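The structure appears below as structure tokens.
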């Protein structure tokens, strides 16, 4: 197993969205209705970036076949300007 910085050229953001969903399926089902819809919305957040679940903050755990087995989010770095329009969950839902 390896811990790698997420790279959209190699790693599927929608697989990461599924893993996020599985961490708290009941809550995500409440908000999004089902696994498919929730995983898609979460995957969009990962893919789009500029949010706490964005790919720029994501590390993935892969097995020997490079399949994503887990994820780790490290939202560190410059402080964001929250007054501007960002790619939050609410903008993805709209």
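Laboratory data are not the source of any read-out in this text; all were calculated from the coordinates shown. Quantities reported herein were computed from a predicted structural model and do not represent experimental measurements. Cβ placement follows ideal geometry from the backbone for every residue including glycine, while neighbour counts extend to all protein chains displayed.
May I ask you to list the residues in segment 52-62 that are surrounded by fewer than 19 Cβ atoms within 10 Å (Cβ to Cβ) and not in a helix (DSSP H, G or I)? Of everything in segment 52-62, those that are surrounded by fewer than 19 Cβ atoms within 10 Å (Cβ to Cβ) and not in a helix (DSSP H, G or I) turn out to be 52, 59, 61, 62. For segment 1-47, the set of residues classified as in contact (Cβ under 8 Å) with a residue 60 or more places away in the chain and either surrounded by fewer than 18 Cβ atoms within 10 Å (Cβ to Cβ) or out of contact with any helix residue (DSSP H, G or I) (no Cβ under 6 Å at 6 or more places or on another chain) (or both) consists of 1, 2, 3, listed by residue number.
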